Amino acid sequence: MSAAPGLLRGRSPGLTLARRSLALILLCLLLLPFADLRIITVDPWGELWRMALGFAWPDFMALESPLRAIVLTVSVALWGTFIGAILGFPLALLFHHSRLVRGFCAFVRAIHELFWALLFLQVFGLSAVTALAALAIPYAGIFAKVYAEILELTPRAPNDALPSGVDRLSRFLYAELPLVWERLASYTRYRFECAMRASVLLGFVGLPTLGFYLESAFREGRFGEAGALLWIFYALVATLQWWGHRRLLLPLLVGALFFLGPWPDVDGELLWRFVSHDLWPAPLLEGNLPGLGAWLAGLPDLLPAIGNTLLLALMGTVGSLLLALLLWPLASRHFGRPWLGFGGRMLLVVVRSTPELMLAFIFLLMLGPSMLPAWLALALHNGALIAFLVARHADGLTLGMPNLPASGRYAYELLPRLYPNLLALICYRAEVIMRETALLGMLGVATLGFYIDSSFQYLMFDQAFFLLLVTAALNIAIDAISRRFRPREVPLDDPCSR
Amino acid sequence: MPLLELDRVDLGHGTQVVLPGLSLTFEAGERVALLGQSGAGKSTLLAEIRRRLDSEAAWCPQGHGLVPLLSVYHNVYMGRLERHGALANLINLLKPRHEAWQEIGLLVRELGLEGLLRRPVEQLSGGQRQRVAIARALYQQRSIFLGDEPLASVDPHQALRLLARIQARHTSSIIALHQHRLALDHFDRVIGLRDGQVVLDAPARELTLASLDALYPDAGPSNHEAGVAAST
């Protein structure tokens, strides 16, 4: 009789995944001492208490014309998604045929909506064009990729059954598009939810959506008002399935047109100057190579910023993984009483509907500007999102031995079946976390985003653009790494994974 | 006059040969039943026949090849998709063509699907879908009918009626099926495949149900006796 294998020894796929995850967690723990995790404010709990009070007793009366902000938020999200889909669809058809298209899409989606907004702000000002372009451009890249993946999975049988000599367009319209229509529509609907969050966030750069009023209310300590705005946003998201019904889509789109605005006077000459001149380092345009070296030397010290960005992304990913492991039973029917499950689901929905920048902002007010609030926000938002998806997956499973104690159900029945999917979701999310990491710089955390934001503020567009390119390159690299790391052969049937 | 001649050809998918060195001749006006276990090579043979006859033959594939989201009308219309331009087909998706609607309406009624013209195929039962697939093949209006198990999911009584309609509208037919009684009573010739070989090719009237057992390894007479011996 052979001896039992040692700790984590063996070649089963489960053990391989466990070893990989533990290695990731260990790496994070080793690097943790390098992160700035100080609590800077004097009275974090008092601050949290006041915010909680504001959330529990929202002051709806204090709001000035919230309707305008709500309508603008929805209109921007609607048209941003719509234009993104219109641009993304033809790109999706070319996606698997052209390396150029794939590269272009990877680039536009590697830059966060808010950074696009900062860029367009310089040319189009605080206008609807800025808001729409900030959503539509990265979404076009995302739609192109996801639509292409969905189209690739079109069942082939109906196409093979067609008589020969049918033209390409008819083939597509009859035997391909209808087969994947539902999946395309459901992904588009999910993206619209993301667009709602992003549209709120646009308030942080000054566009008058809900986020604009939220930010000022929080910043000035009017927590009752902030609570009211948050409640309005949750109500909007929770009732989406009714007001965002597909029958209402056309009237909504047409109606939204009347509320979008203001429309800017675009000065063509200025626009051209910005694109051809302002965005590029002066020595490069003059062909002065030694000057370019001096220009590079004049950049802020990038290595710590890149290091912080990567570290925060790693911490955010590992934090999401741990939180998702802890939280998913809350929303699953296999654990606890029904009312508890309902409460857990509500909690997860609320946390995942809150834009991560919003969460970070709240923690920042509580804890002061270190990496701690950013970490908490990233881990909470993404952890809750993944926990929710995993719980839904778990609810679809039937247990072989339902009478096991809870720990046994968790460790033997459910987790082994759910974990590959959970890890795959985390790996997809890693790219998103990376993008958000850079973004949190706008709140003063010393990541790349901090320098991008300040470069824009000092009107150093060449520097800002260069840093944006660095961020995009980092994102694309992280995406490639996480793709290698993620478990293969996992059917990711949920479109919300990206 | 031969409809189609296969002379020592290797048939398969890609590099994998399923039917090596196959020689068969099909005559015009013949009604041929293809029998054999699943995996014996019936679909491979039919795919080759379809490729060679191209637009002369109407085709009814295994598993129907229907589009669930589209209506019965549109699924049947797809049988003649190549005879209209892309624009006409696009408009037909939004507003059905008048004459096509009339014609398909009659066809569908003949197959017992009246009143279902607007119904998405995803809401139909298995037997109804089967009939939509047959309607699509009939709508192609060819002289030859090729079918890969087109009667698999309908009851025996209905299978008989559908087969009669198919044969009335086509001068030749080559159909894979697994109802032996039907093959013997309603076809001129039976071809039996087993493990990539033609093991049976004879006029239907010369065959009996027992002679078809040779096509199935676990139902052959020798196996049968061995099974009886083992159980006693």
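The values are calculated or read from the model by the stated rules, or taken from the named source; none is laboratory data. If you're wondering where the values come from, they're calculated on a predicted model, not measured in any experiment. Here Cβ is always computed from backbone atoms with ideal geometry, including for glycine, and neighbour counts include all displayed protein chains.
Brief remarks on what is shown
- Test set (1) at pLDDT below 85; (2) over 19 Å from the mean Cα position of the chain (by Cα) - A:Ser455 fails condition number: (1)
- Positions within region A:112-134 being in contact (Cβ under 8 Å) with a residue 24 or more places away in the chain and more than 14 Å from A:Leu201 (Cβ to Cβ), in sequence order: A:Leu119, A:Gln122, A:Val123, A:Phe124, A:Gly125, A:Leu126, A:Ser127, A:Ala128, A:Val129, A:Leu132
- Residue, farthest from B:Thr171 (Cα to Cα), within region B:21-79, restricted to residues that are aromatic (Phe, Trp, Tyr) and within 11 Å of chain A (Cβ to nearest Cβ): B:Tyr77
- Of all residues in region A:266-300 being assigned to a loop (DSSP other than H, G, I, E, B) and loosely packed, with under 11 Cβ neighbours inside 10 Å, the one that is farthest from the chain's Cα centre (by Cα): A:Gly287
- Residue that is surrounded by the most Cβ atoms within 10 Å (Cβ to Cβ), among those in region A:244-264 that are in contact with a Gly (Cβ under 9 Å, 6 or more places away or on another chain) and of a type outside the set (A, V, I, L, M, F, W, C): A:Pro264
- Members of region A:112-156 found to be of a type in the set (Lys, Arg) and within 14 Å of another protein chain (Cβ to nearest Cβ), listed by number: A:Arg156
- Only residues that are closer than 25 Å to A:Trp116 by Cα and acidic (Asp, Glu) were counted across region A:275-294, and they come to 1.
- Only one of the listed residues (A:Pro402, A:Pro369, A:Pro373, A:Pro338) is surrounded by fewer than 21 Cβ atoms within 10 Å (Cβ to Cβ), in the same structural domain as A:Leu37 (by TED's automatic domain parsing) and under 22 Å from A:Gly221 (Cβ atoms). That residue is A:Pro369.
- Residues that are aliphatic (A, V, I, L, M), touching a helix residue (DSSP H, G or I) at 6+ places or on another chain (Cβ under 7 Å) and facing chain A (nearest Cβ under 9 Å) within region B:80-100 comprise B:Leu81, B:Ala86, B:Leu90, B:Leu93, listed in sequence order.
- Test: residue in region A:191-200 that is among the polar types (S, T, N, Q), within 26 Å of B:Leu69 (Cβ to Cβ) and in the same structural domain as A:Ile142 (by TED's automatic domain parsing): no
- When A:Gly206, A:Gly227, A:Gly221 are screened for being among the small types (Gly, Ala, Ser), at negative phi and either surrounded by 15 or more Cβ atoms within 10 Å (Cβ to Cβ) or out of contact with any Ser or Thr (no Cβ under 7 Å at 6 or more places or on another chain) (or both), only A:Gly227 passes.
- Residues that are more than 9 Å from chain B (Cβ to nearest Cβ), free of Cβ contacts under 8 Å to residues at least 40 places away in the same chain and under 16 Å from A:Pro90 (Cα atoms), drawn from region A:178-198: A:Val180, A:Leu184
- Options A:Phe107, A:Phe143: the member that is at pLDDT 90 or above and either out of contact with any helix residue (DSSP H, G or I) (no Cβ under 7 Å at 6 or more places or on another chain) or surrounded by 23 or more Cβ atoms within 10 Å (Cβ to Cβ) (or both): A:Phe143
- Odd one out for B:Ala159 among (1) aliphatic (A, V, I, L, M); (2) more than 14 Å from chain A (Cβ to nearest Cβ); (3) over 15 Å from the mean Cα position of the chain (by Cα): (3)
- Failed criterion for A:Pro369 (all others in (1) within 24 Å of the chain's Cα centre (by Cα); (2) part of a helix (DSSP H, G or I); (3) at pLDDT below 85 hold): (2)
- Every test in (1) surrounded by 22 or more Cβ atoms within 10 Å (Cβ to Cβ); (2) not in a helix (DSSP H, G or I) is passed by A:Leu378 save one, and that test is (2).
- B:Arg181 within 15 Å of B:Leu34 (Cα to Cα), assigned to a helix (DSSP H, G or I) and out of contact with any strand residue (DSSP E or B) (no Cβ under 7 Å at 6 or more places or on another chain): yes
- Restricted to helices (runs of 4 or more DSSP H) entirely inside region A:10-103, those with at least 1 residues that are within 24 Å of the chain's Cα centre (by Cα) and touching a residue at least 12 places away in the same chain (Cβ under 8 Å) are A:13-31, A:66-95.
- For region A:157-173, filtering for residues that are within 34 Å of the chain's Cα centre (by Cα) and facing chain B (nearest Cβ under 9 Å) leaves 1.
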